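Following: one structure in structure tokens, then a few remarks.
Any read-out appearing in this document is the output of simple, stated calculations on the displayed coordinates, not a laboratory observation. Since this is a predicted model, take the numbers as computed values, not measurements. When we count neighbours, we look across all protein chains shown, and the Cβ atoms used for this are built from the backbone with ideal geometry, even at glycine.
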Amino acid sequence: MTAKTWKLWMTWRAAIYAVVVLAWPGWTVAAAAQGGTLRDWPAVGVIEFQVAYSAGGMQVGQARHRWSHEGGHYRMTLTVETTGLAALIRELGYTQEAVGEITPAGLRSTRFGVTQKGKEPEMAIFDWDEARVSIHRGERERRSAPLAEGDIDMLSLWHQLGHGAALPQSLLVVGNKEARRARVELLEEDSMVVVPAGRFASRHFRIEAEDGKLDIELWLARSRHWAPVKVMIDDAKSGRIVLEASSLRVPSRRTD
């Protein structure tokens, strides 16, 4: 492997890592979700994404997001893997899983984890009776943080923004490595976004870390029950990563 190829590979690896493993810092909320309600949330949904390094950049991977809920409980996953030249250099794959309860206020996380072949699993366990979240690698607890109502894991947040009740002014978002705070802003109520799966009128959110090292934008499609059709992550270490929906198995809904 040449020095140039190795440098390119390390950039791609950092990009994929940022999408699925990086624990997104927690957030101070500036805008409440005003989309649908959890009564409107489809019981099952699947979204396929293309993963690119920078907007309009080279595709380095693909992702699959799936959720289901029944009887007041939900489960969702996000699986990302390298494709094309990136996969030929080295194959990488990660899976995030979020499990929780559906409450009148929205989604309530109970467990969030990340698994990768050959590495110890990382897990955040939410203990609402003790108002505490504990973050583990394997059997070892790495850190913990106090919990308040409305705090949530970083994957469940994608759907809480579209379907949950009004969010609190201060919100802790929990990942597989950290539990931190950030600001959430509704940038556009009716943003038109074009992705490989089509053209969607969307609610456009921005989630900005208080330390300025991470900036995330989400586009939630109005006609697909506020499903995420585009996710853009600006990370100080890895640069800009973009997930764009290439196909959706999500029911359509009337928007008039």
Would you be able to say whether some residue in region 206-229 is over 22 Å from Thr77 (Cα atoms), assigned to a loop (DSSP other than H, G, I, E, B) and without any contact (Cβ under 8 Å) to a residue 40 or more places away in the chain?
yes
So which residues in region 110-168 are among the aliphatic types (A, V, I, L, M), assigned to a loop (DSSP other than H, G, I, E, B) and either touching a helix residue (DSSP H, G or I) at 6+ places or on another chain (Cβ under 7 Å) or closer than 20 Å to Ile216 by Cβ (or both), if there are any at all?
Met154, Leu155, Leu167
Are any residues in region 182-220 within 18 Å of Ser156 (Cβ to Cβ) and in contact with a helix residue (DSSP H, G or I) (Cβ under 6 Å, 6 or more places away or on another chain), and if so, which ones?
Phe205, Leu220
